[in-house]
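Working notes for the structure below.
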Amino acid sequence: MSDFFIFTFMNNRAEQLKAFERLLDIMDDLREKCPWDKKQTFQTLKHLTIEEVYELNDAISENDLPEIKKELGDLLLHIVFYSKIGSETNHFDIADVCNAICDKLIYRHPHIYSDTIATDEKTVKENWEKLKLKEGNKSVLGGVPKSLPAMVKAFRIQDKVKGVGFDWDHKEDVWAKVEEELQEFKEEVVSDNKEKQEQEFGDVLFALINYARFCNINPEEALNKTNQKFINRFTAMEHLIKKDNKQLGELPLKELDIYWNEVKKFEK
């Protein structure tokens, strides 16, 4: 390693620590002097934090790097804010938060910080879940947040149990399960049992999400892209209808289909 590289690295680290200290100082000022910041609690910030995570997700999905930087800053502010509130009651501060995650990362990466051998991602994930159980977690699924959106939760559940070996061996078997669940749903639709229909429809979605996982597709991202595609097409269709001096709500479905297909032609 060259002296220049070492100097650059140390200089960058000093700048990073200086910037983080600046944020901590600003947080101290806001908590002491700003009427709004002084009133905030864990509970009042919670929904704002969730909103910030979704905004970061949007920026990442759009690969908007300046926006990603901005949203990461907003999220970091929330972490510092929660830590400041925790320090005021002597429960924890930002140092405790940082040290806790450092300790956890070191413990759960024995292939880096100890003598455990793990040469592939699969082994790393399996070790991670086993170590979590040793830490006192009563269930592999205990760490799945209750408030996650249903599709994200299903994906995380399946990924978690995979980490301890509870998974299908072949992608074809997973698709067979999709077809089986779909057939059961169709049967309940015929029987007109609404409660059973809901149950079987949930099973269809769960099986499809599982198959997406085997195809290395993130179902949440896939559905988000489809939603956006529909929004773009429908908005374009509205524009064409308006351009023709017609009213959307007054057109028959057959004519709407003509406009819809016209929009799809433009995409190609």
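The set of residues in segment 21-57 that are touching a helix residue (DSSP H, G or I) at 6+ places or on another chain (Cβ under 8 Å) and either over 27 Å from Phe92 (Cα atoms) or of a type in the set (A, V, I, L, M, F, W, C) (or both) comprises Leu23, Leu24, Met27, Leu30, Phe42, Leu45, Leu48, Val53, Glu55, Leu56. Looking at the structure I just gave you, is Ile68 out of contact with any Ser or Thr (no Cβ under 8 Å at 6 or more places or on another chain), open to solvent by 70 Å² or more (accessible area, probe 1.4 Å) and either more than 30 Å from Ala222 (Cα to Cα) or not polar (S, T, N, Q) (or both)? It is false that Ile68 is out of contact with any Ser or Thr (no Cβ under 8 Å at 6 or more places or on another chain), open to solvent by 70 Å² or more (accessible area, probe 1.4 Å) and either more than 30 Å from Ala222 (Cα to Cα) or not polar (S, T, N, Q) (or both). With respect to Thr119, determine if the residue is open to solvent by 50 Å² or more (accessible area, probe 1.4 Å), among the hydroxyl-bearing types (Ser, Thr, Tyr) and closer than 24 Å to Asp28 by Cβ. Judged against the criteria, Thr119 is not a match. Taking the criterion of being under 26 Å from Tyr54 (Cβ atoms) and among the small types (Gly, Ala, Ser), the only residue of segment 224-259 that qualifies is Ala236.
The test for being modelled with pLDDT of 95 or more and among the basic types (Lys, Arg) does not hold for Arg108.
Being modelled with pLDDT under 95 and over 24 Å from Ser147 (Cα atoms): is that true of Glu88 here? For Glu88, the condition - modelled with pLDDT under 95 and over 24 Å from Ser147 (Cα atoms) - is not met. Just to be sure before I move on: is Trp128 in a helix (DSSP H, G or I) and of a type outside the set (Lys, Arg) in the structure I sent? The answer is yes for Trp128. Being open to solvent by 40 Å² or more (accessible area, probe 1.4 Å) and touching a residue at least 12 places away in the same chain (Cβ under 8 Å), is that true of even one residue in segment 98-106? Scanning segment 98-106 turns up no residue that is open to solvent by 40 Å² or more (accessible area, probe 1.4 Å) and touching a residue at least 12 places away in the same chain (Cβ under 8 Å). Restricted to helices (runs of 4 or more DSSP H) entirely inside segment 1-84, those with at least 1 residues that are at pLDDT 90 or above and under 17 Å from Val97 (Cα atoms) are 3-33, 42-61. Against the numbered list (1) part of a loop (DSSP other than H, G, I, E, B); (2) surrounded by 11 or more Cβ atoms within 10 Å (Cβ to Cβ), His91 comes up short only at (2).
Only residues that are more than 30 Å from Thr123 (Cβ to Cβ), surrounded by 13 or more Cβ atoms within 10 Å (Cβ to Cβ) and either touching a residue at least 60 places away in the same chain (Cβ under 8 Å) or among the hydroxyl-bearing types (Ser, Thr, Tyr) (or both) were counted in segment 156-211, giving 0. In segment 213-243, the residue that is most open to solvent (accessible area, probe 1.4 Å) out of those that are touching a residue at least 24 places away in the same chain (Cβ under 8 Å) and within 21 Å of Trp168 (Cβ to Cβ) is Asn218.
The values are calculated or read from the model by the stated rules, or taken from the named source; none is laboratory data. As the structure is a prediction and not an experimental result, all values here were calculated from the model. All Cβ positions, glycine included, derive from the backbone under ideal geometry; neighbour counts span all protein chains shown. Heads up: the accessible areas ignore ligands, DNA and RNA and are worked out on the full protein's heavy atoms, side chains in. Shrake-Rupley method; radii C 1.70, N 1.55, O 1.52, S 1.80 Å.
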